[in-house]
Amino acid sequence: PTHKEGFTTGVRLGQWHLKGSALFTRAMLEEVEPVHRSFGELRLGAGERLDGVRYSFDAPLRSEFRNHSRPLAGFTARFNSDRWCFAEGQGVTYRHTLAGRRLRSGQVEVTCGYYVAGRLPVEVSADRKEWRMIGVVTNASTQKLTLPAEMFPVEAVYVRLRGANSPCNLQVHSYRFEGDV
């Protein structure tokens, strides 16, 4: 399919545990727009919470939202059922921002639940121009990484996960961001 701005992407239809065949007739894609909870100018989507000054986001990878969330800024990694699948050069970027509030701190938690080879650098930025690596996932584990204090306060934090080294074959089963506003 071709996106209206000219981008192309693949769409995968299938069934994993099916005995027999699956046939698709006239498969269609429909554009939808999510509606997030609004509190004045503040919007929160699936997986996001604001408790006083503590903001948190748990990517809703196992919910009905799967690979969609308000903080998701973009991705080239494949999504399979409930996890991001990374090969060399493929990535996922999240943007954490709350209207009218500045983030004062941040911590990222990434769980790699399946690992064969490669590395997954975890990088952060306030402007998507200058990136700083805060850690690297190199096995099946959960990594908790604190963002550098000198990048705060900031209106938005971008977190980028990218598959590196060839070959690269690993999967992210959960992603969490939290910080003070």
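Among the candidates G106, G74, G100, which residue alone is in contact (Cβ under 8 Å) with a residue 40 or more places away in the chain, under 20 Å from I134 (Cα atoms) and of a type outside the set (D, E, K, R)? Result of the check over G106, G74, G100: G106.
Here's the yes/no breakdown for (1) within 24 Å of G89 (Cα to Cα); (2) assigned to a loop (DSSP other than H, G, I, E, B):
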residue: R12; (1), (2): yes, yes
residue: T25; (1), (2): no, yes
residue: E30; (1), (2): no, yes
residue: V35; (1), (2): no, yes
residue: S38; (1), (2): no, no
residue: R43; (1), (2): no, no
residue: L50; (1), (2): no, no
residue: P60; (1), (2): yes, yes
residue: R66; (1), (2): yes, yes
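Every condition in (1) of a type in the set (K, R); (2) closer than 25 Å to E33 by Cβ; (3) assigned to a strand (DSSP E or B); (4) without any contact (Cβ under 8 Å) to a residue 40 or more places away in the chain is met by R95 except one, and the failing one is (4).
From the list A126, A117, the lone residue that is hydrophobic (A, V, I, L, M, F, W, C), farther than 18 Å from S174 by Cβ and without any contact (Cβ under 8 Å) to a residue 40 or more places away in the chain is A126.
Of all residues in the range 131-153, those that are surrounded by 16 or more Cβ atoms within 10 Å (Cβ to Cβ) have Cβ atoms under 8 Å from Cβ atoms of residues that are assigned to a loop (DSSP other than H, G, I, E, B) and of a type in the set (S, T, Y), 6 or more apart or on another chain, in L147/S105; F152/S105. Among the residues making up the range 68-92, those that are part of a loop (DSSP other than H, G, I, E, B) and either in contact with a Phe, Trp or Tyr (Cβ under 6 Å, 6 or more places away or on another chain) or over 15 Å from L161 (Cα atoms) (or both) are H68, S69, R70, P71, A77, S81, D82.
Would you please name the residue that is surrounded by the most Cβ atoms within 10 Å (Cβ to Cβ), looking only at residues in the range 78-106 that are small (G, A, S) and modelled with pLDDT of 95 or more? So the residue we want is G106.
The values are calculated or read from the model by the stated rules, or taken from the named source; none is laboratory data. The model shown is predicted, which means the values in this text are computed figures rather than measured ones. Using ideal geometry, Cβ is built from the backbone for each residue, glycine included, and neighbour counts are taken over all protein chains shown.
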